[in-house]
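Following: one structure in structure tokens, then a few remarks.
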Amino acid sequence: MAIIGLMKASVIVTGASSGIGRAAAQALVEADYDVLLVGRREAGLRETSGASPIAVCDVSDFSACCRAVEQARELWRDSHPVLVNSAGAAAFGPFHETPVEQIEEQVKVNLLGTMFMCRAVLPWMLEAGGGQIINVLSIASTHVFPGGSAYGASKAGALMFTRILAAEYRGQGIRVTALMPGSTATPLWEGQAFQPDRADMLSAEAVAGAIVDLVKSPKDRNVDELLLMPPKGVL
Ligand SMILES: NC(=O)c1ccc[n+]([C@@H]2O[C@H](COP(=O)([O-])OP(=O)(O)OC[C@H]3O[C@@H](n4cnc5c(N)ncnc54)[C@H](OP(=O)(O)O)[C@@H]3O)[C@@H](O)[C@H]2O)c1
């Protein structure tokens, strides 16, 4: 059990069944944090860490988000709550050809899901006298990628949401970070029309390392925004 200040810290990680969320959850478990793995695919969550509790949850369903947070709260009532929102959906291609369902899914998961998880966890954080939220956004929150309209719009919306949340709750001991990685080699890229060279991308472990650093960082500072890019920059 890792300790932040004098309080034990527990971490809820969404998107923990794959990619960045999986690598972050594994690195946090390795660093001795209690971690609740959140995602829709139970088998994927179990593969991430057999020893950690799981919550099968669609983050676009607010009731399911509340149940996941309640599960963590029951397990680790007296801890310092941390939320890492890594669940995400991406479908790249010309906007006029994008199925409406894919537009809807990206907005639902990337924007609404992030908001729903934050909405579900904040009452616990306020009651605990503090907490930390790390929203995994993207370089696409600020950079224009043709073919990534629904993705970029959802991530830009999530960035503004994250900035407002940081301002709204910073006086109450809640640290909020917008983490914006560049291209990262994960299953997100499988089947996409646009494929940068994987060898040029960040590894999921590199992004996970940044997440662990943020969780470990002393409470006397807040990283409001972190743009983490592969050495070659925008790919
Ligand atoms: N890969 C990149 O280049 C890159 C760059 C910058 C930012 N990001 C962001 O990083 C985050 C993680 O992406 P990744 O690259 O690790 O992708 P990934 O490997 O495809 O993982 C996506 C994760 O999101 C979960 N998820 C999707 N829809 C969900 C829903 N409705 N409810 C709950 N969980 C859901 C998936 O789990 P289930 O299928 O089990 O639900 C999976 O664990 C995303 O927010 C992505 O936008 C990625």
Any chance Ala89 is assigned to a loop (DSSP other than H, G, I, E, B), surrounded by fewer than 21 Cβ atoms within 10 Å (Cβ to Cβ) and in contact with a Lys or Arg (Cβ under 9 Å, 6 or more places away or on another chain): yes
Filter result for the condition that a residue is away from the ligand (no atom under 16 Å from the Cβ) and at positive phi, over Gly233, Gly173: Gly173
Checking Tyr151 against (1) of a type outside the set (Asp, Glu); (2) within 19 Å of the chain's Cα centre (by Cα); (3) modelled with pLDDT under 95, the condition it does not meet: (3)
Counted residues, the stretch 73-97 - those being hydrophobic (A, V, I, L, M, F, W, C) and within 16 Å of the chain's Cα centre (by Cα): 6
Number of positions in the stretch 210-221 that are in contact (Cβ under 8 Å) with a residue 12 or more places away in the chain and more than 14 Å from the ligand (Cβ to nearest atom): 5
Failed criterion for Ala185 (all others in (1) in contact with a helix residue (DSSP H, G or I) (Cβ under 6 Å, 6 or more places away or on another chain); (2) buried (at least 19 other Cβ atoms within 10 Å of the Cβ); (3) under 22 Å from Gly113 (Cβ atoms) hold): (3)
Of residues in the stretch 21-49 being more than 10 Å from the ligand (Cβ to nearest atom) and in contact (Cβ under 8 Å) with a residue 60 or more places away in the chain, the one nearest to Ala9 (Cα to Cα): Tyr33
Single residue of the stretch 135-153 satisfying the filter (of a type in the set (Val, Ile, Thr) and either surrounded by fewer than 21 Cβ atoms within 10 Å (Cβ to Cβ) or more than 11 Å from the ligand (Cβ to nearest atom) (or both)) that is farthest from Asn110 (Cα to Cα): Val144
Every pair of residues 6+ apart whose Cβ atoms lie under 7 Å, when the first sits in the stretch 99-110 and is over 19 Å from Cys65 (Cα atoms) while the second is modelled with pLDDT of 95 or more and within 12 Å of the ligand (Cβ to nearest atom): Gln102/Ala91; Gln102/Ala150; Ile103/Ala150
Single condition Glu74 does not satisfy, out of (1) within 15 Å of the ligand (Cβ to nearest atom); (2) without any contact (Cβ under 8 Å) to a residue 40 or more places away in the chain; (3) under 20 Å from Phe116 (Cα atoms): (1)
Pick from the stretch 77-86, criterion assigned to a loop (DSSP other than H, G, I, E, B), more than 16 Å from the ligand (Cβ to nearest atom) and touching a residue at least 12 places away in the same chain (Cβ under 8 Å), ranking: surrounded by the fewest Cβ atoms within 10 Å (Cβ to Cβ): Asp78
Selection count, the stretch 220-235, where residues are touching a Gly at 6+ places or on another chain (Cβ under 6 Å) and polar (S, T, N, Q): 0
Residue satisfying all of: in the stretch 6-65; acidic (Asp, Glu) and outside any loop (DSSP other than H, G, I, E, B); surrounded by the most Cβ atoms within 10 Å (Cβ to Cβ) among these: Asp34
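The values are calculated or read from the model by the stated rules, or taken from the named source; none is laboratory data. The structure presented is a predicted model; accordingly, all values stated were derived computationally and were not measured. No Cβ is skipped: glycine too gets one built from the backbone with ideal geometry, and neighbour counts run over all protein chains shown.
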